[in-house]
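The values are calculated or read from the model by the stated rules, or taken from the named source; none is laboratory data. In this text the structure is predicted, and so the values were computed from the model without any measurement. For neighbour counting, all protein chains shown are included, and Cβ atoms are generated from backbone atoms with ideal geometry for every residue, glycine included. In case anyone asks, the SASA skips ligands and DNA or RNA and just uses the protein heavy atoms, side chains included. Shrake-Rupley method; radii C 1.70, N 1.55, O 1.52, S 1.80 Å.
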Amino acid sequence: MAEPAASESALGETVPRPHAHGTAPAYAAPLADVPVSAETLELLETRRSLPLRALLAPGPTPQELDRMLAIAARVPDHGRLVPWRFIVIEGAAREAAGVRLDALYAEQNPGLAPDKARMWRDYLMRAPLTIVVVSRADPASKIPELNQILSAGAAAMNLVVAATALGFSALWLLKWPGRDPAAAALLGVEASEKVAGFIHIGRPAARVEDRPRPSLADVVTRWTA
């Protein structure tokens, strides 16, 4: 006998039962009235990354930062695992983190040139704010690990778009501090986690000419039977 479509919770609420793929009933409700957002389309069509040196202070206010992070968290998340989190590096913490990274880098690279002694401190100090997007995919979950990793990437891109919409510019990088496990650990990344990217955020110094974009003819195919 088929299972009922819904059950009753302890609070007396009707709770729909999950359906297997292909068996879910079609919605009979009318189409939702969703307006076209010309501003959003224009932002997505013109957004581009600026060089790190072009990200200037002041950075986001606490309220703007919270809004960016809340938007970053609104991404596809198969299984509702929340397979990502954020580490915020701002203010004096940028220099403190950079000093520790420089010490580790010097330890890993004996004979480092003197002009590179403060390389990672300078790197973190260039933008007023850096957010580390951390992927915490669970390989033991029934949700494919790739799905979880892609969700972290979506969170990073949502953060970039949110920053742009609020009048900032954002640059997504993944350099040595995010690729080296010991360096990432200094920033609070657990051994079971990976860095999806460093999102550097600041006020744009100037509008830079856009780079060439791929032609749709080169990247789009259509499946046919």
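R136: net charge of surrounding residues, Cβ under 15 Å, Lys/Arg +1, Asp/Glu -1, itself excluded?
Values: positive: R80, R85, K194; negative: D77, D138, E145, E190, E193.
Combined, the nearby Lys, Arg, Asp and Glu give -2.
The fraction of accessible area contributed by carbon and sulfur in region 71-225 is 56 percent, rounded to a whole number (1.4 Å probe; ligands and nucleic acids excluded). Considering only A184, A70, A113, the mean-square fluctuation computed in a Gaussian network model of the chain, springs between alpha carbons under 10 angstrom, is largest for A113.
Couplings for region 39-48, taken from phi via the Karplus curve 6.51 cos²θ - 1.76 cosθ + 1.60 with θ = phi - 60°, read 5, 5, 4, 5, 4, 5, 6, 10, 4, 8 Hz in order; Gly and Pro are left as x. With axes computed from alpha carbons, what is the tilt in degrees of helix 145-165 against the longest principal axis of the chain, rounded to the nearest 10 within 0 to 90? In the chain, helix 145-165 runs at an angle near 70 degrees to the longest axis.
For region 20-104, chymotrypsin sites (Phe, Trp or Tyr not before Pro) are listed when DSSP marks them as loop and at most 10 other Cβ atoms sit within 10 Å of their Cβ; the list is Y27.
Once all protein chains are placed together, M157 keeps about 70 Å² accessible to a 1.4 angstrom probe.
Taking the longest Cα principal axis of the chain as reference, the axis of helix 92-108 is set at about 70 degrees.
Solvent-accessible surface (1.4 Å probe) assigned to E39 amounts to roughly 150 Å².
Phi angles of region 167-181 translate, via the Karplus equation with coefficients 6.51, -1.76, 1.60 and θ = phi - 60°, into HN-Hα couplings of x, 9, 10, 10, 10, 9, 10, 9, 9, 3, x, x, 9, 8, x Hz per residue; Gly and Pro are given as x. Listed by chain and number, the lysines placed with their C-alpha closer than 21 angstrom to that of K116 are K175; residues fewer than eight positions away on the same chain are left out.
I want to verify a result. In a Gaussian network model of the chain, Cα cutoff 10 Å, which of these has the top mean-square fluctuation: P83, P214, P144? Looking only at P83, P214, P144, the largest GNM fluctuation is found for P214.
Across region 105-183, the mean sequence separation of Cα contacts (distance under 8 Å, 6 or more residues apart), normalised by length, yields a relative contact order of 14 percent. The residues of region 22-137 have, on average, 66 Å² of accessible surface per residue, using a 1.4 Å probe with all protein chains present. For region 77-164, the orientation-averaged shadow of the C-alpha convex hull comes to 7.6 nm² (one quarter of the hull surface).
With the contact rule set at Cα under 8 Å and sequence spacing of 6 or more, what percent relative contact order holds for the chain?
Contact order relative to length: 26 percent.
Residues whose amide H lies under 5 Å from that of A137, counting only those 5 or more places away or on a different chain, are K194; hydrogens are built 1.01 Å from N in the peptide plane. Using a 1.4 angstrom probe and counting only protein chains, how large is the accessible area of D77 in Å², to 10? Using a 1.4 Å probe on the heavy atoms, I get roughly 40 Å².
Mean-square fluctuations from a GNM of the chain, with a 10 angstrom spring cutoff on Cα atoms, peak among T40, T164, T130 at T40.
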